[in-house]
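Okay, structure first, notes after.
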Amino acid sequence: MIDIIFCISAAVAIISALLTVSAHNVVHALLYLVTMMLAIALIFFMLGSPFAAALQIIVYAGAVMVLFVFVTMMLHQGERSLAAERQLFNPQVAKGPLILSALLVIELILLSLGSVGLHQEILTGSLPVDQTVKQLAIQLFGSYRVLVVLAAIMLLAALVSAIHITKQGNKPDTKAKPIHKSGSTEFTPVEIEPNQAQTNKKTRGEHG
Amino acid sequence: MIILYEVLLVPTSVLLLLLLCAAWSTWLERRLLAVWQDRLGPNRVGPMGLLQVVADMIKIFTKEDWIPPFADKALFVIAPMILMIMTLLGFAIIPFSPNIQIANFDNALLFILALSSLSVYSIMLAGFSSNSKYALLGAMRTAAQMLSYEVFMGLALMGVVIITGSFSLNDIVAAQENYWFILSQPLGFVLFLIAGVAEIHRAPFDLPEAETEIVAGFHTEYSSIKFGMFFIGEYLGVIFISALITTLYFGGWQGPVLPPIIWFLLKTGSFVVFFILLRAAIPRPRYDQLMRLGWTVLLPLTLLNLMLTALWQLTLGF
């Protein structure tokens with residue numbers, strides 16, 4: 001039973017990974033990527049780590065990919081971007097990646113043929129099963145605590161720099177300030193319209 | 001026989017009852033809103049207007065099931081299904097009473113968080129595949145709102161987890177035998193309630209579908225049964241969050257004298273009514289106000305709650 005589920009989810013993962021690369025529509029590609037992550041979460045679950053499975057779904061499928069879809073949805077141009085995608089993916093460009101990934105696939109096949117022991121171990125689930133969240137936490141905040149703190153500092157630095165970049169004062173065009181200043185709750189359309197029109201003209205002029 | 005009971009009878013009856021409850025909570029909402037707004041509400045079809053739901057169903061089912069020619073057809077059809085599936089799956093782990101529960105496993109709370117983060121896709125895909133400006137705007141708002149409020153929904157839950165020491169809902173209910181967690185986690189409860197309302201995007205946090213600004217938001221292009229799925233999905237969400245609040249903060253099925261299932265239904269029902277009262281009482285905030293409230297007020301409060309709970313547990317607990 002476990003074998004069958006493992007095979008199905010592995011097949012789903014591989015097929016959706018392939019479709020991720022080959023889909024022309026960006027949003028469809030991202031959705032295949034989400035499917036792949038769900039399949040991987042299932043494999044984690046079967047290997048005896050439900051916590052990793054849940055994190056895979058919550059963090060990757062539920063947060064990171066949502067942001068990806070969010071941004072592509074904003075930048076998506078419908079038919080135009082589809083046409084551009086079709087042009088991008090031609091056999092000429094695909095030659096290099098195809099050779100490299102073929103090498104990787106051959107290695108993978110050789111490895112799985114050579115070490116049947118590993119294969120068996122995964123399928124029969126003789127890996128340490130029943131890793132509870134508590135055990136994981138004790139490891140993370142015990143022997144690996146320096147790494148956890150380092151990762152936290154890195155994320156904090158990224159966050160601070162993101163805030164710094166998006167801060168209003170750094171914009172060269174000070175006239176294009178947002179309409180809603182923090183604190184002001186009143187909505188004054190009279191003040192906004194000329195401003196908006198100005199910025200619109202400006203950006204149009206720059207691009208055209 | 002027991003296997004038949006567990007595998008077939010409980011899930012099917014829970015599913016049917018839930019769908020019926022969700023359908024009739026539309027009636028409840030309309031009647032209660034009418035009471036609070038000094039109107040009559042639907043009272044013509046059947047006794048007290050109870051059959052209004054049936055009339056609405058007939059109307060919805062007989063309408064044309066239209067897919068706009070400019071829509072992304074596959075995604076357009078899948079989107080409402082995702083919402084229904086994710087919300088209904090959530091009920092699988094709710095302990096309705098000591099012996100009515102579909103699935104009991106250790107990481108139930110993580111499962112809930114995973115489901116709620118996946119249900120964002122339903123709204124985003126609906127907005128994207130509709131290929132309409134209003135729908136897209138609604139979808140953008142939803143994505144931002146649900147992502148931000150999910151963060152401290154999870155963190156607010158962790159207070160309960162720290163006290164119980166387990167992610168299992170059964171353990172959490174069992175730990176509330178002497179006192180409900182609302183007493184030890186009042187701040188966590190309020191934060192979870194706010195995050196819950198935002199997660200199921202009900203009024204006052206119904207910006208994704210603010211009808212005065214962006215028509216009907218992400219489901220502008222939907223009609224017939226697909227719209228019905230979004231509609232029922234929203235009420236299922238209300239019932240789900242109410243059931244979750246009951247389980248996590250109000251002792252679940254525990255209570256004196258009355259049988260457990262009655263206690264559970266009473267508590268959940270009163271939260272459903274509370275959600276309707278919220279809609280009647282509070283105006284909708286502006287979008288930037290909502291985001292600012294989330295990140296600058298609620299998130300620090302959640303972290304504070306988490307730290308205080310941990311401190312309390314370390315010094316007084318065990």
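General remarks:
- Annotation: amide H-H contacts under 5 Å for B:GLY252 (H modelled 1.01 Å from N, sequence separation of 5 or more, or interchain): B:THR247.
- Debye, to nearest 20: dipole size of the range B:165-250, +1 on Lys, Arg Cβ, -1 on Asp, Glu Cβ: 180 debye
- Shielding by partners for peptide A:53-64, expressed as the average number of C-beta atoms from other protein chains within 10 Å of each residue's C-beta, is 5.
- By average C-beta atoms within 10 angstrom, highest first, the peptides B:154-166, B:101-113: B:154-166, B:101-113
- Magnitude of the charge dipole for chain B, about its Cα centre and with charges confined to Cβ atoms of Lys, Arg (+1) and Asp, Glu (-1), is about 580 debye.
- Cβ-Cβ FRET estimate between A:ALA83 and A:ILE15, R0 fixed at 30 Å, reported to 0.05: 0.70
- Per-residue mean of foreign Cβ neighbours for B:164-174 is 1 (Cβ atoms of other chains, 10 Å radius).
- Average beta-carbon neighbours from other chains, 10 Å sphere, peptide B:101-114: 3
- Packing order of peptides B:252-260, A:135-143, highest average first: B:252-260, A:135-143 (average count of other Cβ atoms within 10 Å over each peptide's residues).
- In sequence order, calculated HN-Hα J values of the range B:9-23 (Karplus, 6.51, -1.76, 1.60; Hz; x Gly/Pro): 5, 5, x, 5, 5, 4, 4, 5, 4, 4, 5, 5, 4, 4, 5
- Rel. contact order, % - alpha carbon contacts under 8 angstrom, at least six apart, chain B: 23 percent
- From phi via Karplus (6.51, -1.76, 1.60), per-residue ³J(HN,Hα) for the range A:37-48 in Hz, x at Gly/Pro: 5, 5, 4, 5, 4, 4, 5, 4, 4, 6, 6, x
- Sorted peptide list for A:65-76, B:37-48, criterion being average Cβ within 10 angstrom, highest first: A:65-76, B:37-48
- In Hz, Karplus ³J(HN,Hα) per residue of the range B:145-162 (6.51, -1.76, 1.60; θ = phi - 60°; x = Gly, Pro): 5, 5, 4, 5, 7, 5, 3, 8, 5, x, 5, 5, 5, 4, x, 4, 5, 4
Each value in this text was obtained by applying a stated rule to the coordinates, not by laboratory testing. Every value quoted in this text rests on a predicted model; they were computed, and no experiment measured them. When we count neighbours, we look across all protein chains shown, and the Cβ atoms used for this are built from the backbone with ideal geometry, even at glycine.
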